[in-house]
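Right, one structure below, let's go through it.
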Amino acid sequence: MHKILRRLCALEDDFDMTGIKDHFDIEGQSIKRKDHKHIEDKLDAFLSAYGLFAIYKEKATAHCFGEIHDGFITIPVSKT
């Protein structure tokens, strides 16, 4: 979890975004079991929004799996 969150905080430096570190910076802290689900939910919501942001800003292309009538998921695929 710490490794994922460190990389997530680095996005703020790599791109023109602010506020990520305020919500996810847990460096030096131990994550308690009850806090893990809360952080996981925030991370999931952020990654979903970030994926759409990357597609919108043309930093990634959309790749869809599945069918509209059966259910599908769209993920961003980096252009680099």
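Descriptive notes on the structure:
- Karplus-derived 3J(HN,Hα), 6.51/-1.76/1.60, for each residue of segment 60-77, Hz, glycine and proline x: 8, 10, 7, 10, 9, 10, x, 10, 4, 6, 9, x, 8, 9, 10, 10, x, 10
- Taking label positions 7 Å along the Cα-Cβ direction at both GLU67 and LYS37, the computed distance is 3.6 nm, reported to one decimal.
- Distance in nm between pseudo-label sites at THR18 and LYS79 (7 Å out along the Cβ direction from Cα): 2.6
- FRET efficiency estimate (nearest 0.05) - Cβ-Cβ, HIS2 to ASP44, R0 22 angstrom: 0.85
- This ranking places ARG7, ARG33 by how few other beta-carbon atoms lie within 10 Å of each, fewest first, which gives ARG33, ARG7.
Laboratory data are not the source of any read-out in this text; all were calculated from the coordinates shown. Since this is a predicted model, take the numbers as computed values, not measurements. We place every Cβ from the backbone using ideal geometry, glycine too, and count neighbours over all the protein chains shown.
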